[in-house]
1. Would you mind calculating the relative contact order of the chain from Cα pairs under 8 angstrom and at least 6 residues apart, reporting the percent as a whole number?
2. Per q in 0.16, 0.19, 0.23 1/Å, what log10 I(q)/I(0) does a Debye calculation on the alpha-carbon atoms of the stretch 103-157 return?
3. Under a 10 Å cutoff between Cα atoms, tell me which one of PRO81, PRO186, PRO97 has the largest fluctuation in the Gaussian network model of the chain.
4. Please name which of VAL11, VAL243, VAL134 has its Cα lying farthest along the dipole of the chain towards the positive end, using unit charges on Cβ (Lys, Arg +1; Asp, Glu -1) and the Cα centre as origin.
5. Calculate for the chain the 222 nm mean residue ellipticity that helices alone would give, adding -39,500 (n - 2.57) per DSSP H run of length 4 or more and normalising by residue count, nearest 500 deg cm²/dmol.
6. Which residue, PRO98, PRO24, PRO221, has the most motion in a Gaussian network model of the chain that connects Cα atoms within less than 10 Å?
7. Tell me which of LEU85, SER112, PRO97 sits at the most positive position along the dipole axis of the chain, charges placed on C-beta atoms (Lys, Arg +1; Asp, Glu -1).
8. Grab the beta carbon distance between ARG83 and ILE10, set R0 = 35 Å, and tell me the FRET efficiency rounded to 0.05.
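Nothing in this text is a laboratory measurement; each read-out follows from the coordinates by a stated rule. Remember, predicted model here, so these are calculated numbers, not experimental data. Cβ coordinates were reconstructed from backbone atoms using ideal geometry, including for glycine residues, and neighbour counts include every protein chain displayed.
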Amino acid sequence: MRQERVPIVIVVPAAIGAAFFIVPLVGLIVRSPWGDAVTALSAPETFEALKLSLIASLSATAVAVVLGVPLAWVYARVAFPGRDLLRALTTLPMVLPPVVGGIALLLAFGRSGLLGAWLENTFGITLPFTTVGVVMAETFVAMPFLILTVEAGLRSMDRRYEEAARALGASRWRVFIRVTLPLIGPSLFAGAVLCWARALGEFGATITFAGNFPGVTQTMPLAVYLLLPQEASFILSLVLLLVSLVVLVGLKDRWLGSA
């Protein structure tokens, strides 16, 4: 296929737009103290923050899959009054400032919140400023990415395979497990990875709802914030940058095809 000639009026603003994103990342790479990388990454507080980030983000992804896949199925397959409004509300955290999300979680699950007071008085369960609170905050902001991705996969799949399985006598649950899930597997995987990456980098809702306690609620992004303006924060930022870059490059074909 012949390569299209790009007009100069397109090239110049496109180059400026790309540079706007690339230059700060290059600055982070160039100005980071590479000689101190091993020391910074092997520090006990760094290891604790990294471990907590992995545990919390993977837990948030698991919760998102368990709750988000059925919700995406409902959005894709069931027509009911208020569906669009419900979808908007459950995907609102994608555009909502994370700190506002943290405040909303506090008002709902805090000790004097809508459900928090009842949970504490009835079961003695306290959610804010705990590791469970970190998982809740990360799930709140990350699950919409999985919901939208899986819903798109469900809407684009060929439903004739499901109908054929049902015609052969398979139950709805068996059809879902043996037919639907394999067909939307790529969308489910992409949504789960996006959800995990978003949870791993979550900051605002976490520090608002769970606080910043080392070993309990201090994740990698919070450790970076705490170390600023020390150079060790640059190294931790590079770790998060590398993870995000790998995720985006790995999912490129899912979004854009092979072009």
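1. Details: 287 pairs, mean separation 76.6, N = 259.
Answer for the chain is 30 percent.
2. Rounded to two decimals, the profile gives -0.57, -0.67, -0.81.
3. Among PRO81, PRO186, PRO97, the largest GNM mean-square fluctuation belongs to PRO81.
4. VAL11
5. On the way: 14 runs with 185 residues, N = 259.
Using -39500 (n - 2.57) per qualifying helix, the result is -22500 deg cm²/dmol.
6. Of PRO98, PRO24, PRO221, the most mobile in the Gaussian network model is PRO24.
7. It is LEU85.
8. Working: r = 40 Å, r/R0 = 1.14.
So, using R0 = 35 Å, E works out to roughly 0.30.
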